[in-house]
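The values are calculated or read from the model by the stated rules, or taken from the named source; none is laboratory data. Keep in mind that this is a model prediction, so the values were computed, not measured. FYI the Cβ positions are ideal-geometry reconstructions off the backbone, even for glycines, and counts take in every protein chain you see. Ligands, DNA and RNA are stripped out before the accessible areas are found, and what is left, the full protein with its side chains, is counted by its heavy atoms. Shrake-Rupley method; radii C 1.70, N 1.55, O 1.52, S 1.80 Å.
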Amino acid sequence: MALFTGHTITPDSALGGTQIQRSLRFAGAAFNSISRTPSSTGNQKVWTWSCWFKRTKLGNGSYNYLVSSYGNNDGIAAIYFDSSDKINTYFDTSGSNPYGAVNDRRYRDTTSWMHIVWQVDAINTTQKIWINGVEESLSSSLNPPNFAYTMNQSGYLNSIGGAAWYPEGTGSNQYFAEIHFSDGNKYTPSDFAYTDTQTGQWRPKNGNVIKSNITYGTNGYWLDFRDNTSTTTLGYDYSGNGNHWTLNNMSVAAGSDNDSVTDTPTNNWCVWNQLSDVGDISLSEGNLKAVSGADSWPAIFGTHGASSGKWYYEAVGADNTRWGLGWSTEEFKSGTS
């Protein structure tokens with residue numbers, strides 16, 4: 001006879017932690033984005049955006065995190081990485097248009113998931129950005145002017161993965177998971193994540209815990225990409241607002257075309273590491289595909305190493321090519337060496 005022992009409270013669950021099930025892969029194809037056009041105007045000056053992301057292509061500058069559209073030639077609000085891998089913001093008004101790198105820090109890690117919180121208060125001409133719970137030192141010259149932006153404005157497209165001049169998407173390269181947006185409210189990283197006391201790691205809170213503790217506002221949303229029944233269900237908003245998003249040029253087809261993956265902040269996959277290529281290697285499809293160029297015996301390492309244990313991996317090679325997959329020390333260069 002089985003005995004019910006009750007729910008075991010782990011340190012992780014006691015702190016509101018969770019295991020994120022799925023992420024959405026932006027594989028770099030044209031028109032590769034998600035978008036939504038509000039039907040009601042919310043707060044155009046105050047908002048908070050929280051997102052977990054993993055970069056897959058460096059030196060790839062575009063307005064590819066969160067952006068709102070032009071409105072009568074102004075009104076853009078955007079956060080993005082530039083071609084130098086620095087965080088940029090952009091505020092386009094009828095007067096000044098502050099934009100550019102918020103500081104000199106470069107984010108070139110393609111091996112790990114990171115958490116970003118972007119808090120904007122244009123009424124008081126301030127913004128704050130945190131990465132993994134640590135507040136960035138920002139240039140005050142880039143603070144948002146007191147202006148009604150097209151963020152949360154009825155009839156104007158908001159995009160994730162698009163560009164300010166091309167919101168539908170110019171080819172975005174990263175993974176996104178567990179996105180929360182509050183229209184009209186200011187929140188900090190501790191509202192979305194916490195430090196695990198045992199490991200010191202910055203970890204995501206359970207989405208339902210977040211939902212119960214923040215106010216989403218008119219155009220707020222919670223996207224966790226849990227339902228991969230179709231590209232329509234992947235864009236569902238679970239905040240209770242029903243502010244669903246449209247996926248553009250993404251797929252849930254079986255195999256390598258599937259953009260709904262289980263690579264998440266709590267289940268980080270090994271992918272090819274752009275910073276470790278030997279010779280001419282081109283990466284795509286979320287750094288799951290590697291194509292060699294003209295160099296002889298090119299090679300590339302994955303983002304995870306191993307020194308012991310049992311491991312399983314598999315790969316598919318193109319027809320009429322010579323290739324190998326296996327283990328190597330970091331000293332490998334090329335050819336017979």
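Looking only at residues of the range 92-107 that are in contact with a Gly (Cβ under 9 Å, 6 or more places away or on another chain) and not acidic (Asp, Glu), we find that the one that is least open to solvent (accessible area, probe 1.4 Å) is Thr93.
Per-residue answers, yes or no, for (1) surrounded by fewer than 20 Cβ atoms within 10 Å (Cβ to Cβ); (2) in a loop (DSSP other than H, G, I, E, B); (3) in contact with a His (Cβ under 9 Å, 6 or more places away or on another chain):
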{"site": "Ala177", "(1), (2), (3)": "no, no, no"}
{"site": "Pro204", "(1), (2), (3)": "no, no, yes"}
{"site": "Trp222", "(1), (2), (3)": "no, no, yes"}
{"site": "Thr229", "(1), (2), (3)": "yes, yes, no"}
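Selection of the range 242-301 for residues being closer than 28 Å to Ile179 by Cβ, surrounded by 18 or more Cβ atoms within 10 Å (Cβ to Cβ) and among the aliphatic types (A, V, I, L, M) yields Leu247, Met250, Val261, Val271, Leu283, Leu288.
Please work out which residue is farthest from Gly302 (Cα to Cα), limiting yourself to the range 35-51 and to residues that are in a strand (DSSP E or B) and open to solvent by less than 10 Å² (accessible area, probe 1.4 Å). So, considering only residues that are in a strand (DSSP E or B) and open to solvent by less than 10 Å² (accessible area, probe 1.4 Å), the one farthest from Gly302 (Cα to Cα) is Trp47.
Each row is one residue, and each column tells you yes or no for (1) at pLDDT below 95; (2) closer than 30 Å to Lys289 by Cβ.
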| site | (1), (2) |
| --- | --- |
| Ile116 | no, yes |
| Gly133 | no, no |
| Glu136 | no, no |
| Ser139 | yes, no |
| Asn146 | no, no |
| Gln153 | no, no |
| Gly169 | yes, yes |
| Ser182 | no, no |
| Asn185 | no, no |
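Scanning the range 108-147 for residues that are part of a loop (DSSP other than H, G, I, E, B), of a type in the set (Val, Ile, Thr) and open to solvent by 30 Å² or more (accessible area, probe 1.4 Å) turns up Thr111, Thr125.
Check whether at least one residue in the range 250-261 is acidic (Asp, Glu), at negative phi and touching a Lys or Arg at 6+ places or on another chain (Cβ under 7 Å), and report yes or no. Yes: the range 250-261 contains one or more residues that are acidic (Asp, Glu), at negative phi and touching a Lys or Arg at 6+ places or on another chain (Cβ under 7 Å). Do we have Lys310 as over 30 Å from Ile210 (Cβ atoms) and either modelled with pLDDT of 90 or more or in a strand (DSSP E or B) (or both) here? So Lys310 fits the description; yes. Flag set for Ile20, criterion: assigned to a loop (DSSP other than H, G, I, E, B), on the phi < 0 side of the Ramachandran plot, among the β-branched types (Val, Ile, Thr) and crowded, with 19+ Cβ neighbours inside 10 Å.
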